[in-house]
Amino acid sequence: MASRPARRRIKLTPLRILIATVLIGALILGALAWFARSWTPSRSRFAVQGMTLDAGAGEINWRMARASGADFVYLLATSGAEARDPAFDDYLAGAKGIGLRYGAVHRFTLCSPASEQATRFIATVPRDAAMLPPVVQLDFRPECGKRPNRDTLLAELNTFLNQIETHAAKPALIRVSHAFEAQYDVASGINRTLWLEGEFFPPDYATRPWVMWTASTWKRVDGIDGPIEWDVVRP
(Lines give C-alpha, C1' and ligand atoms only; values in the text may rest on other atoms or scores of the structure.)
Protein backbone atom coordinates (compact mmCIF):
# COMPACT_ATOMS: atom_id res chain seq x y z
CA MET A 1 0.00 0.00 0.00
CA ALA A 2 1.39 3.38 -0.97
CA SER A 3 2.08 5.67 1.90
CA ARG A 4 0.31 9.03 2.05
CA PRO A 5 2.46 12.06 1.31
CA ALA A 6 3.34 13.97 4.41
CA ARG A 7 1.41 17.20 4.86
CA ARG A 8 3.47 20.30 4.67
CA ARG A 9 3.14 22.28 7.84
CA ILE A 10 3.05 26.04 7.55
CA LYS A 11 5.60 27.53 9.80
CA LEU A 12 4.28 30.43 11.85
CA THR A 13 6.82 33.20 11.77
CA PRO A 14 6.47 36.65 13.35
CA LEU A 15 6.09 38.17 9.86
CA ARG A 16 3.27 35.81 8.91
CA ILE A 17 1.51 36.44 12.19
CA LEU A 18 1.81 40.19 11.62
CA ILE A 19 0.42 39.92 8.07
CA ALA A 20 -2.52 37.79 9.25
CA THR A 21 -3.26 40.25 12.05
CA VAL A 22 -3.22 43.19 9.66
CA LEU A 23 -5.53 41.40 7.20
CA ILE A 24 -8.00 40.45 9.92
CA GLY A 25 -7.92 44.00 11.29
CA ALA A 26 -8.59 45.40 7.82
CA LEU A 27 -11.57 43.09 7.38
CA ILE A 28 -12.99 44.12 10.76
CA LEU A 29 -12.51 47.82 10.01
CA GLY A 30 -14.11 47.38 6.60
CA ALA A 31 -17.13 45.67 8.14
CA LEU A 32 -17.47 48.41 10.75
CA ALA A 33 -17.20 51.13 8.10
CA TRP A 34 -19.88 49.42 5.99
CA PHE A 35 -22.15 49.16 9.03
CA ALA A 36 -21.64 52.83 9.96
CA ARG A 37 -22.35 54.00 6.42
CA SER A 38 -25.54 51.97 6.11
CA TRP A 39 -26.95 52.16 9.65
CA THR A 40 -30.06 54.12 10.56
CA PRO A 41 -32.18 53.93 13.71
CA SER A 42 -35.08 51.52 13.70
CA ARG A 43 -38.11 52.69 11.72
CA SER A 44 -40.39 50.94 14.18
CA ARG A 45 -39.08 53.25 16.87
CA PHE A 46 -38.46 56.39 14.79
CA ALA A 47 -40.87 56.45 11.87
CA VAL A 48 -39.83 59.87 10.53
CA GLN A 49 -36.20 60.22 9.43
CA GLY A 50 -34.29 62.61 7.20
CA MET A 51 -30.98 64.31 6.53
CA THR A 52 -29.07 67.56 6.84
CA LEU A 53 -26.99 68.84 3.93
CA ASP A 54 -24.56 71.62 3.16
CA ALA A 55 -22.49 72.42 0.08
CA GLY A 56 -19.97 69.73 1.01
CA ALA A 57 -22.46 67.11 -0.18
CA GLY A 58 -21.73 68.10 -3.79
CA GLU A 59 -24.10 67.41 -6.66
CA ILE A 60 -27.22 65.47 -5.71
CA ASN A 61 -29.42 63.02 -7.55
CA TRP A 62 -32.57 63.86 -5.64
CA ARG A 63 -34.59 60.86 -6.82
CA MET A 64 -31.92 58.48 -5.57
CA ALA A 65 -31.52 60.45 -2.36
CA ARG A 66 -35.21 60.25 -1.61
CA ALA A 67 -35.22 56.53 -2.35
CA SER A 68 -32.79 56.12 0.56
CA GLY A 69 -35.72 56.64 2.92
CA ALA A 70 -35.40 60.32 3.75
CA ASP A 71 -38.73 61.92 4.66
CA PHE A 72 -37.32 65.44 4.94
CA VAL A 73 -34.15 67.46 4.43
CA TYR A 74 -32.69 70.37 6.35
CA LEU A 75 -30.35 72.60 4.35
CA LEU A 76 -27.64 74.85 5.69
CA ALA A 77 -28.59 78.37 4.60
CA THR A 78 -26.32 80.77 6.49
CA SER A 79 -23.46 80.97 8.98
CA GLY A 80 -22.83 84.02 11.13
CA ALA A 81 -23.55 87.45 9.70
CA GLU A 82 -21.79 87.05 6.37
CA ALA A 83 -21.68 83.49 5.03
CA ARG A 84 -24.35 82.04 2.79
CA ASP A 85 -24.08 78.37 1.82
CA PRO A 86 -23.40 78.37 -1.93
CA ALA A 87 -25.55 75.29 -2.56
CA PHE A 88 -28.63 76.45 -0.66
CA ASP A 89 -30.69 77.72 -3.61
CA ASP A 90 -29.96 74.68 -5.79
CA TYR A 91 -30.60 72.23 -2.97
CA LEU A 92 -33.83 74.00 -2.06
CA ALA A 93 -35.08 73.75 -5.64
CA GLY A 94 -34.08 70.09 -5.80
CA ALA A 95 -35.86 69.19 -2.57
CA LYS A 96 -39.00 71.01 -3.68
CA GLY A 97 -38.91 69.36 -7.09
CA ILE A 98 -38.85 65.84 -5.67
CA GLY A 99 -41.49 66.50 -3.04
CA LEU A 100 -39.28 66.24 0.05
CA ARG A 101 -40.22 68.32 3.06
CA TYR A 102 -37.53 70.97 3.54
CA GLY A 103 -36.21 73.46 6.06
CA ALA A 104 -33.31 75.87 6.61
CA VAL A 105 -30.50 75.97 9.17
CA HIS A 106 -28.46 78.90 10.50
CA ARG A 107 -25.12 78.31 12.22
CA PHE A 108 -25.00 80.86 15.01
CA THR A 109 -21.73 82.51 15.95
CA LEU A 110 -20.77 84.21 19.21
CA CYS A 111 -18.65 86.71 17.27
CA SER A 112 -21.38 88.63 15.39
CA PRO A 113 -24.42 90.56 16.64
CA ALA A 114 -27.61 88.51 16.58
CA SER A 115 -29.53 91.12 14.58
CA GLU A 116 -26.93 91.02 11.79
CA GLN A 117 -27.10 87.24 11.68
CA ALA A 118 -30.88 87.35 11.51
CA THR A 119 -30.69 89.84 8.64
CA ARG A 120 -28.45 87.46 6.69
CA PHE A 121 -30.80 84.52 7.30
CA ILE A 122 -33.91 86.48 6.33
CA ALA A 123 -32.25 87.74 3.15
CA THR A 124 -31.29 84.19 2.17
CA VAL A 125 -34.29 82.06 3.13
CA PRO A 126 -37.55 82.76 1.30
CA ARG A 127 -40.78 83.21 3.21
CA ASP A 128 -42.52 79.92 2.49
CA ALA A 129 -45.42 78.49 4.49
CA ALA A 130 -44.49 74.97 3.37
CA MET A 131 -41.07 75.16 5.00
CA LEU A 132 -40.29 73.23 8.14
CA PRO A 133 -39.50 75.34 11.22
CA PRO A 134 -36.17 77.17 10.95
CA VAL A 135 -33.22 75.84 12.94
CA VAL A 136 -30.51 77.72 14.82
CA GLN A 137 -27.43 75.56 15.33
CA LEU A 138 -25.33 76.29 18.40
CA ASP A 139 -21.77 75.05 18.71
CA PHE A 140 -18.31 76.42 19.39
CA ARG A 141 -16.60 77.23 16.12
CA PRO A 142 -12.79 77.31 15.77
CA GLU A 143 -12.78 80.73 14.09
CA CYS A 144 -14.53 82.36 17.07
CA GLY A 145 -12.96 82.36 20.52
CA LYS A 146 -15.44 84.75 22.12
CA ARG A 147 -17.33 83.38 25.13
CA PRO A 148 -19.96 85.79 26.50
CA ASN A 149 -21.66 85.12 29.82
CA ARG A 150 -24.88 83.12 29.83
CA ASP A 151 -27.22 86.09 30.24
CA THR A 152 -25.68 87.85 27.26
CA LEU A 153 -25.84 84.71 25.13
CA LEU A 154 -29.49 84.08 25.96
CA ALA A 155 -30.41 87.70 25.24
CA GLU A 156 -28.67 87.59 21.86
CA LEU A 157 -30.24 84.27 21.02
CA ASN A 158 -33.70 85.58 21.86
CA THR A 159 -33.11 88.56 19.58
CA PHE A 160 -32.16 86.24 16.75
CA LEU A 161 -35.09 83.91 17.32
CA ASN A 162 -37.66 86.71 17.49
CA GLN A 163 -36.56 88.05 14.12
CA ILE A 164 -36.35 84.80 12.18
CA GLU A 165 -39.58 83.49 13.72
CA THR A 166 -41.40 86.61 12.57
CA HIS A 167 -40.05 85.95 9.08
CA ALA A 168 -40.92 82.22 9.12
CA ALA A 169 -44.24 82.66 10.95
CA LYS A 170 -43.46 79.63 13.13
CA PRO A 171 -41.32 78.80 16.18
CA ALA A 172 -37.74 77.75 15.54
CA LEU A 173 -35.85 74.66 16.69
CA ILE A 174 -32.63 74.89 18.66
CA ARG A 175 -29.91 72.46 17.67
CA VAL A 176 -27.29 72.55 20.40
CA SER A 177 -24.08 70.56 20.73
CA HIS A 178 -23.05 68.76 23.91
CA ALA A 179 -20.20 71.19 24.60
CA PHE A 180 -22.31 74.29 24.04
CA GLU A 181 -25.14 73.01 26.21
CA ALA A 182 -22.71 72.07 28.98
CA GLN A 183 -21.46 75.66 29.15
CA TYR A 184 -24.66 77.63 28.59
CA ASP A 185 -27.59 75.34 29.55
CA VAL A 186 -29.65 76.74 26.70
CA ALA A 187 -32.41 74.17 27.25
CA SER A 188 -33.27 75.69 30.62
CA GLY A 189 -33.01 79.28 29.38
CA ILE A 190 -35.07 79.24 26.17
CA ASN A 191 -38.25 77.26 25.64
CA ARG A 192 -37.95 75.90 22.13
CA THR A 193 -38.00 72.43 20.61
CA LEU A 194 -34.60 70.79 21.09
CA TRP A 195 -32.46 69.08 18.48
CA LEU A 196 -29.53 67.18 20.02
CA GLU A 197 -26.57 65.25 18.64
CA GLY A 198 -25.10 61.83 19.33
CA GLU A 199 -23.44 59.23 17.12
CA PHE A 200 -25.52 56.00 17.11
CA PHE A 201 -26.81 56.47 20.69
CA PRO A 202 -29.72 58.75 21.70
CA PRO A 203 -28.40 61.84 23.55
CA ASP A 204 -29.34 62.76 27.12
CA TYR A 205 -27.25 65.86 27.83
CA ALA A 206 -30.04 68.46 27.99
CA THR A 207 -32.40 69.20 30.86
CA ARG A 208 -35.43 68.69 28.62
CA PRO A 209 -36.31 65.87 26.20
CA TRP A 210 -35.22 66.26 22.61
CA VAL A 211 -37.55 66.08 19.60
CA MET A 212 -34.87 65.87 16.89
CA TRP A 213 -31.68 63.80 17.04
CA THR A 214 -28.70 63.72 14.69
CA ALA A 215 -28.09 60.00 14.91
CA SER A 216 -25.15 59.67 12.52
CA THR A 217 -22.64 61.71 10.58
CA TRP A 218 -21.27 58.51 9.00
CA LYS A 219 -24.31 57.62 6.93
CA ARG A 220 -23.89 57.65 3.15
CA VAL A 221 -26.73 57.80 0.65
CA ASP A 222 -26.93 56.77 -3.00
CA GLY A 223 -27.12 59.85 -5.18
CA ILE A 224 -25.00 61.96 -2.81
CA ASP A 225 -21.23 61.73 -3.05
CA GLY A 226 -20.35 63.86 -0.04
CA PRO A 227 -21.10 63.65 3.69
CA ILE A 228 -24.56 64.00 5.16
CA GLU A 229 -26.06 63.91 8.63
CA TRP A 230 -28.87 61.48 9.32
CA ASP A 231 -31.62 62.75 11.64
CA VAL A 232 -34.68 61.31 13.31
CA VAL A 233 -37.81 62.73 14.89
CA ARG A 234 -39.03 61.45 18.23
CA PRO A 235 -42.63 60.17 17.93
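The values are calculated or read from the model by the stated rules, or taken from the named source; none is laboratory data. All values derive from a computational prediction rather than experimental measurement. Note that each Cβ is placed from the backbone with ideal geometry, even for glycine, and that neighbours are counted across all protein chains shown.
Taking first residues from segment 27-53 that are within 21 Å of ASP225 (Cβ to Cβ) and among the polar types (S, T, N, Q) and partners that are at pLDDT 60 or above and surrounded by fewer than 13 Cβ atoms within 10 Å (Cβ to Cβ), the Cβ contacts under 8 Å between residues at least 6 apart in sequence or on separate chains come to GLN49/ARG43. Counted as qualifying within segment 171-235 are the strands (runs of 3 or more DSSP E) with 3 or more residues that are within 19 Å of PHE160 (Cβ to Cβ), namely 173-176, 193-197. Close contacts from segment 158-181, counting a first residue that is under 17 Å from THR109 (Cα atoms) and in contact (Cβ under 8 Å) with a residue 40 or more places away in the chain and a second that is of a type in the set (Ser, Thr, Tyr) and in a helix (DSSP H, G or I), with Cβ to Cβ under 7 Å and a gap of 6+ residues or different chains, come to THR159/SER115; GLN163/SER115. Could we say that GLY226 is in contact with a Gly (Cβ under 7 Å, 6 or more places away or on another chain) and touching a residue at least 12 places away in the same chain (Cβ under 8 Å) here? For GLY226, the condition - in contact with a Gly (Cβ under 7 Å, 6 or more places away or on another chain) and touching a residue at least 12 places away in the same chain (Cβ under 8 Å) - is met.
Residues that are within 19 Å of TYR74 (Cβ to Cβ), among the small types (Gly, Ala, Ser) and buried (at least 21 other Cβ atoms within 10 Å of the Cβ) do not occur anywhere in segment 174-193.
The set of residues from segment 111-133 being surrounded by fewer than 22 Cβ atoms within 10 Å (Cβ to Cβ) and within 15 Å of LYS170 (Cα to Cα) comprises ILE122, PRO126, ARG127, ASP128, ALA129, ALA130, MET131, LEU132, PRO133. LEU154 satisfies every condition listed in (1) in a helix (DSSP H, G or I); (2) among the hydrophobic types (A, V, I, L, M, F, W, C); (3) within 21 Å of the chain's Cα centre (by Cα) except (3).
Among the residues of segment 141-165, those identified as modelled with pLDDT of 95 or more, closer than 16 Å to TYR184 by Cα and among the charged types (D, E, K, R) are LYS146, ARG147, ARG150, ASP151, GLU156. Taking LEU194, is it within 25 Å of ASP128 (Cα to Cα) and free of Cβ contacts under 8 Å to residues at least 24 places away in the same chain? So LEU194 fits the description; yes. Set side by side, the residues VAL233, VAL135, VAL221, VAL211 differ, and just one is within 23 Å of ALA47 (Cβ to Cβ) and modelled with pLDDT under 95, which is VAL221. If you check PHE72, PHE108 for being of a type outside the set (Gly, Ala, Ser) and buried (at least 23 other Cβ atoms within 10 Å of the Cβ), only one passes: PHE108.
Each residue in segment 78-94 was checked for being in a helix (DSSP H, G or I), over 18 Å from the mean Cα position of the chain (by Cα) and not hydrophobic (A, V, I, L, M, F, W, C), and 3 pass.
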